[in-house]
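J.: Submitted below is the structure of interest, expressed as structure tokens.
The values are calculated or read from the model by the stated rules, or taken from the named source; none is laboratory data. Just so you know, these numbers come straight off a predicted model, no measurement behind them. For neighbour counting, all protein chains shown are included, and Cβ atoms are generated from backbone atoms with ideal geometry for every residue, glycine included.
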Amino acid sequence: MPVILTINAGSSSIKYQCFDMHTEECLAKGHVDRLLSTSAELFYTRRDGVTHRIPVPQTAHEAVFQRIFEILLHPEKGILRAPDEIQAIGHRVVHGGSHFAASTRITPEVEKTIEQCAPLAPLHNPFNLRGIRACQTILPDIPHVAVFDTAFHQTIPDYAHIYALPHTISEQYQIRQYGFHGISHQYVAMRAAEMFGSPLKTLKLITCHLGNGCSITAIADGKSIDTSMGFTPLQGLVMGTRSGDIDPAIILYLIREHQMTPDQIDQMLNHQSGLIGVSGISSDLRDLIAVHEENRRAALAIDIFCYRIRQYIGKYAAVLDGIDALVFTAGIGENAPLIRARICEKLGFLGVHLDQAKNEGNPMDEAIHHETAPVSVLVIPTNEELMIARDTLHVIKS
Ligand code: ADP
């Protein structure tokens, strides 16, 4: 049985899944939250539904990975008889800069390049690398593959990814649009093509990943040709706690006229803006939906959130010269019919017409457009782990 293990190692959490790649079935998965705290625990679930909560050492990531492998190989709790049943490990890496346009086998040079990209993603790449190194120490003889969140967007043409800043500054400091959530956008695009029964290359798609972080991507010829996140994941749509697009002069104004420091502005834009900033209530859309009929600021936050998405859909429909399908995914995209309806309500001019009953009927991997509508609207649960596993298998086979 060829097994691929996927690892998503962050600063405060580690998530993993084991796939049987014959069937693409998830054999076991687990996550450790609040790493390094006294309450850190491993939540482990096996395919048969058996779950365990296992205390993990409050030490470094390395000891946590040791525990993860012990459980996978455990005679009763585990799913593997020997470590060599794992064919390869696919590691999610947030930032590949301009260096990686595809997933790649990890060599010492690749590790060095990921390290060089760390200033572009200081909260992610160093922890992704720690995960890679810990797993390499435990399983040095199998291939390790890096799957980048930025790689899918490397096909965005220069006129779309270059900011209109002095060119020397852009080049010297590697400032350009990179885009993120690429693994998710690529997965749902491939799934949409399966649902259409047409090759992805023939479709023009707009994919909306709406979770705590939100981004939207224009896809043509199977490639990302524009996306809403930019140099960092702060640009673009309104998110749970992030502002998305603002006039950059606001930052200068706050520094010069109101003596705010860079750290305060960073905190404000990344953690105190977006849905929570506007509503003053919550970054969780469910909380805002629950009170929006009586609470004006909750309603305003939802209005701004949906309006920005509609603006981007209009922009990307122009970029693509028309669309075949609009795809919704991630926590909000998959679960919030009110939001999907609000986004689509004035897109009739594009050929988008929702079927209200389908939209409200808990669709999963389903179309929710009216049967006569020229543009399909699909709700597709994202599966970034499966995408990482598929890419990992593809890399080791080629
Ligand atoms: P992450 O980006 O952290 O992976 P998710 O994809 O899980 O996040 O999405 C989290 C968001 O999804 C939250 O804003 C949450 O409110 C929203 N969400 C989840 N379920 C629902 C629901 N039933 N209705 C509305 N929003 C939902």
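J.: Give the residues of segment 121-143 that are in contact with a strand residue (DSSP E or B) (Cβ under 7 Å, 6 or more places away or on another chain) and small (Gly, Ala, Ser), sorted by residue number.
T.: Gly131
J.: I've got another one for you. Which pairs have Cβ atoms under 6 Å, sit 6 or more apart or on different chains, and link a residue in segment 317-338 that is within 10 Å of Ile206 (Cα to Cα) and of a type in the set (A, V, I, L, M, F, W, C) to one that is part of a helix (DSSP H, G or I) and within 16 Å of the ligand (Cβ to nearest atom)?
T.: Val327/Val188; Phe328/Arg340
J.: Considering only residues that are among the hydrophobic types (A, V, I, L, M, F, W, C) and crowded, with 22+ Cβ neighbours inside 10 Å, which ones fall in segment 356-388?
T.: Ile368, Val377, Leu378, Val379, Ile380, Met387, Ile388
J.: From the list Ile169, Ile183, Ile162, exactly one residue is surrounded by fewer than 24 Cβ atoms within 10 Å (Cβ to Cβ) and touching a helix residue (DSSP H, G or I) at 6+ places or on another chain (Cβ under 7 Å). Which is it?
T.: Ile162
J.: Now a separate question. Please go through segment 154-169 and pick out each residue that is of a type in the set (Val, Ile, Thr) and either within 18 Å of Pro108 (Cβ to Cβ) or without any contact (Cβ under 8 Å) to a residue 60 or more places away in the chain (or both).
T.: Ile162, Thr168, Ile169
J.: Let me ask something else. Name every residue in segment 273-294 that is free of Cβ contacts under 8 Å to residues at least 60 places away in the same chain, at negative phi and within 11 Å of the ligand (Cβ to nearest atom), in order of residue number.
T.: Hits for segment 273-294 are Leu275, Ile276, Ser282, Asp284, Leu285, Arg286, Asp287, Leu288, Ile289, Ala290.
J.: Now a separate question. Counting only residues that are out of contact with any helix residue (DSSP H, G or I) (no Cβ under 9 Å at 6 or more places or on another chain), within 12 Å of the ligand (Cβ to nearest atom) and of a type in the set (S, T, N, Q), how many does segment 306-344 have?
T.: Selection size over segment 306-344: 0.
J.: While we're on this one: Quick one: in segment 302-316, which of the residues that are free of Cβ contacts under 8 Å to residues at least 60 places away in the same chain and buried (at least 17 other Cβ atoms within 10 Å of the Cβ) is nearest to the chain's Cα centre (by Cα)?
T.: Among those residues, the one meeting the criterion is Cys306.
J.: When residues of segment 67-82 are filtered for being surrounded by 18 or more Cβ atoms within 10 Å (Cβ to Cβ) and either in contact with a helix residue (DSSP H, G or I) (Cβ under 6 Å, 6 or more places away or on another chain) or over 12 Å from Ile54 (Cβ atoms) (or both), how many remain?
T.: Total meeting the criteria: 3.
Residue by residue, here is whether (1) free of Cβ contacts under 8 Å to residues at least 40 places away in the same chain; (2) in a strand (DSSP E or B); (3) among the β-branched types (Val, Ile, Thr) holds:
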{"residue": "Pro119", "(1), (2), (3)": "yes, no, no"}
{"residue": "Asn128", "(1), (2), (3)": "no, no, no"}
{"residue": "Pro140", "(1), (2), (3)": "yes, no, no"}
{"residue": "Phe152", "(1), (2), (3)": "no, no, no"}
{"residue": "Glu171", "(1), (2), (3)": "yes, no, no"}
{"residue": "Ile183", "(1), (2), (3)": "no, no, yes"}
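J.: Among the listed residues Ile281, Ile265, Ile276, identify the single one that is closer than 28 Å to Leu123 by Cα, surrounded by fewer than 17 Cβ atoms within 10 Å (Cβ to Cβ) and among the aliphatic types (A, V, I, L, M).
T.: One residue alone meets the criteria, Ile265.
J.: Going through Ile169, Ile138, Ile114, Ile132 one at a time, which residue ends up being modelled with pLDDT under 95 and farther than 21 Å from Ser228 by Cα?
T.: Ile138
J.: In addition: Kindly provide the set of residues from segment 35-73 that are out of contact with any strand residue (DSSP E or B) (no Cβ under 8 Å at 6 or more places or on another chain) and charged (D, E, K, R), ordered by number.
T.: Asp48, Glu62, Glu70
J.: Select from segment 345-364 the residues that are within 16 Å of the ligand (Cβ to nearest atom), out of contact with any helix residue (DSSP H, G or I) (no Cβ under 6 Å at 6 or more places or on another chain) and of a type outside the set (A, V, I, L, M) and list them in ascending order.
T.: Selection gives Gly361, Asn362, Pro363.
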